[in-house]
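The values are calculated or read from the model by the stated rules, or taken from the named source; none is laboratory data. Bear in mind the structure is a predicted one, so any value in this text is a computation, not a measurement. All Cβ positions, even for glycine, are placed from backbone atoms using ideal geometry, and neighbour counts span all protein chains on display.
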Amino acid sequence: MASAEDENVEQLVMMMGGDLDPNIVRGVLRKVNGDMQKAATELLNDPTGGSVLDSLWSAISTPGVLRLNQPEQGQTSGPRTPPPSRPERHLEATHEMEDVEDKDLRQALEASMQTESAKLVPSDRAPDPNWAMVPSNVEIPPVSQEVEIPGLDRAIQESLDTYKDYANETIEELPLEKRVRKDGRPVSLRPTQGMLAFAGLLVQGLFFVPQVRESLAKWRPSPSGSSNEDLTAPTSGPEHMVWTLVELFANMDLAALSELNVDAALKAFSVELPAHAIQNPGDITYQFMNNLAWITESVLHKEVATQAHQWSRLFHFRYGSSDAEPNLSPLDKRYDTSVVKVDVRDEDKNYDLISALSSQLSHDDMSTRQHVIFEPSDVVSFHLVRHESLPSYSGGQSPPKQRFRYPKHIYLDQFMRENAEFAASKRAQQKQILEEIQRLTLRKAALTHANNKDTLKDLRSSVYYFENVANKDDPERKASVGLVALKIRKILTRIENELETIDNEISKLKVQSAGLFEGSELRQHQYDLRVVLVHDGLPGRNHLYSYVQHLDRWWKTVDYTVTEVPEDTVLNDPTGLHLNAGPYMLIYSRTTPDLDTTQPLSWPEDVKNSVKHNNQAFLAQLPLEAANQARNTSPPTSPYQSYGSQWDTPSSSVEPPSTSPGRPDGRERMNV
């Protein structure tokens, strides 16, 4: 337990800024017989301890920082009394050695005073087996290949059990009255296997991209007969995959059901199961999106695969080096892409979408080749690739976790080839501004912290002490304490004023930096956020969800649950922050100010009639009160008949149990 003297010494050291030698403080305290007031005054005025404030705030000694020991203007500081010289070390050791009688100890002390460092030389001692690190001339038995590592088998088994639990996760089936689609909210897509939830969320999200929905509604498969009006559902090949999307999207648009099973659709898309339970959903979604976008683009624009280089690009934009000539080849994976990978690291300063894109696609030096967009697409997706922070070996704290920011609108003009030089000059200006902000930030840190201490807090504590606590009974002491308090307050005021100036300057520079790319010349290619896919870091279908915009409102889908959320929640969702998870896929598309979302889409007539027949059969099985909650559905324009679709939804969890003339087993066909 610390003595009262130790506590007083520690208090005096902290009062003086924490930089004084505790032994000096202890000596001063004992000199004044333990009087704290006299000790504090003595430490401030003792010339052997430096000038009044030199020892107190020696931490504020960086160039350009105000120093507390500088004399007032018009005053001169007298010469400092040099501290007593320290006796030579060898003299002290000589006196100590006179009292040492032990010969070995004396030799050790003499050796410690020698300036030459010790040298390692080979030992001349005879070999002794007892000192051997490893017995020599002894045959080492071979290492067994079946060495058991404690706990390894159990860890492997637990990993396999987790995968099995995830793979065998059962789908929760809802009663019929709970499956009614109310107020036109989005339809959830549910696979039977929870491990495929990532695929259902992506397909659901693509429906809410206006350009994708419109393009698929207008598409028709190649005619199978002599007449161009013969509509036969494709049963294989790329057109089968696109036709599957058409059927699925038509149901999402017109169905009275709040959820649809997508097992057949994912089978048609050849979606593969994740390799393990903890596989990053962003990686497998990236692969699925690439494949789906490539096939869809190739089918919607058949000529692009062989001859055309310009078309109404839906998913794929063409990119390349800024100094390259435009490539006139057809759709080519070497030059066209639909998903941009964006690296997200905690230690990066670029923790927002535009800054990260600027860092990856462009360079500050115009002499360096930059990646630019030659031909933009209607849709652009971003895969957020999160990287684990490396552990700190310096003993310092790891970078704090930050939420990756993405805006509601982005402009891709600064990445277009025609704007490369102009954007590079703007980016150079931005770099200078950011460097100035960094310089001011470091200056602020130097003013407010030193030696891991809050300088301002210590200054304010000292001012409070000298103004309210210090003993002022003696007139001379009162004047001395008042002078010290005045000096410290002046320094504190000047530092606070400089900090205020720095904060104002940083704010102005940030506004200037943000406005560099806001000119009309860089605001021609606007893209709006349509879909956000999120993972909270844990396995299971309930740990993945989507945000989609529908009818000017944002909706969150978790498995079968669809709820409305405010836009601020979508843009600032902190989920998964500390599990290296969170939003993993962002889908933007061109702004569509003239698009009327209230107009019906031009789905194939047979597909629409099939969905409407299914709606009638489903609502007929519901109590009247539940059926009245369903959205208004128009009747089919023709009797039910099959139009050639070769697959349907096998799960009874989403099919209404009704009788249909098209199904002898009494189950209504659901062509989704």
Can you tell me which of Lys401, Lys444, Lys408 is modelled with pLDDT under 85 and either of a type in the set (Lys, Arg) or farther than 30 Å from Thr493 by Cα (or both)? Lys401
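How many residues, within segment 462-471, are in a helix (DSSP H, G or I) and either aliphatic (A, V, I, L, M) or in contact (Cβ under 8 Å) with a residue 24 or more places away in the chain (or both)? I'd like the intermediate steps shown before the answer.
Step one: filter segment 462-471 for residues in a helix (DSSP H, G or I), giving 462-469.
Restricting the remaining residues to those that are either aliphatic (A, V, I, L, M) or in contact (Cβ under 8 Å) with a residue 24 or more places away in the chain (or both) gives 462-463, 465, 469.
Total satisfying the criteria: 4.
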Run down Val565, Val558 and say which single residue is over 21 Å from the mean Cα position of the chain (by Cα), without any contact (Cβ under 8 Å) to a residue 60 or more places away in the chain and surrounded by 15 or more Cβ atoms within 10 Å (Cβ to Cβ). Val558
Considering only residues that are assigned to a strand (DSSP E or B), over 21 Å from Pro210 (Cβ atoms) and not polar (S, T, N, Q), which ones fall in segment 241-276? Leu257, Glu259
Some residue of segment 276-283 being crowded, with 19+ Cβ neighbours inside 10 Å, among the polar types (S, T, N, Q) and in contact (Cβ under 8 Å) with a residue 24 or more places away in the chain: no
Say whether the condition of being at pLDDT below 90 and either closer than 24 Å to Ala428 by Cβ or surrounded by fewer than 17 Cβ atoms within 10 Å (Cβ to Cβ) (or both) is met by at least one residue in segment 492-508. no
Do we have any residue at all in segment 296-312 that's touching a Leu at 6+ places or on another chain (Cβ under 7 Å), assigned to a loop (DSSP other than H, G, I, E, B) and at pLDDT 90 or above? no
Against the definition (closer than 30 Å to Ser377 by Cβ and not basic (Lys, Arg)), how does Ser461 come out, yes or no? no
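Return yes or no: is Glu467 modelled with pLDDT under 90, surrounded by 13 or more Cβ atoms within 10 Å (Cβ to Cβ) and over 31 Å from the mean Cα position of the chain (by Cα)? Walk me through how you get there before you give the answer.
Values: modelled with pLDDT under 90: yes; surrounded by 13 or more Cβ atoms within 10 Å (Cβ to Cβ): yes; over 31 Å from the mean Cα position of the chain (by Cα): yes.
Yes, satisfied.
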Quick check on segment 209-221. Is at least one of its residues over 15 Å from His550 (Cα atoms), in a loop (DSSP other than H, G, I, E, B), free of Cβ contacts under 8 Å to residues at least 60 places away in the same chain and not small (Gly, Ala, Ser)? yes
Would you point out which residue out of Glu247, Glu172 is surrounded by 15 or more Cβ atoms within 10 Å (Cβ to Cβ), among the acidic types (Asp, Glu) and in contact with a Ser or Thr (Cβ under 9 Å, 6 or more places away or on another chain)? Glu247
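Of these, Arg669, Arg590, which one is in contact with a strand residue (DSSP E or B) (Cβ under 7 Å, 6 or more places away or on another chain), at pLDDT 90 or above, surrounded by 13 or more Cβ atoms within 10 Å (Cβ to Cβ) and over 30 Å from Pro539 (Cβ atoms)? Break it down into steps so the answer makes sense when it comes.
Details: Arg669 fails: at pLDDT 90 or above.
The match here is Arg590.
Suppose we filter segment 488-526 for residues that are part of a loop (DSSP other than H, G, I, E, B) and acidic (Asp, Glu); how many remain? Reasoning before the result, please.
In the first step, residues of segment 488-526 are kept if they are part of a loop (DSSP other than H, G, I, E, B); the result is 515-519, 523-525.
With the extra rule that they be acidic (Asp, Glu), the set shrinks to 518.
Number of matching residues: 1.
Gly205: in contact with a Ser or Thr (Cβ under 6 Å, 6 or more places away or on another chain), touching a residue at least 12 places away in the same chain (Cβ under 8 Å), assigned to a helix (DSSP H, G or I) and crowded, with 24+ Cβ neighbours inside 10 Å, yes or no?
Working: in contact with a Ser or Thr (Cβ under 6 Å, 6 or more places away or on another chain): yes; touching a residue at least 12 places away in the same chain (Cβ under 8 Å): yes; assigned to a helix (DSSP H, G or I): yes; crowded, with 24+ Cβ neighbours inside 10 Å: yes.
In short, yes.
Quick one: in segment 11-50, which of the residues that are of a type in the set (D, E, K, R) and at pLDDT below 75 is farthest from Ala485 (Cα to Cα)? Break it down into steps so the answer makes sense when it comes.
If we filter segment 11-50 for residues that are of a type in the set (D, E, K, R), which is where we start, we get 19, 21, 26, 30-31, 35, 38, 42, 46.
Pick out the ones that are also at pLDDT below 75 and you get 19, 46.
Details: Asp19: 19, Asp46: 17 Å.
Among those residues, the one meeting the criterion is Asp19.
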Within segment 321-338, work out how many residues are buried (at least 20 other Cβ atoms within 10 Å of the Cβ) and not in a loop (DSSP other than H, G, I, E, B). 1
Can you pull out every residue in segment 574-609 that is among the small types (Gly, Ala, Ser) and over 26 Å from Phe198 (Cα atoms)? Ser602
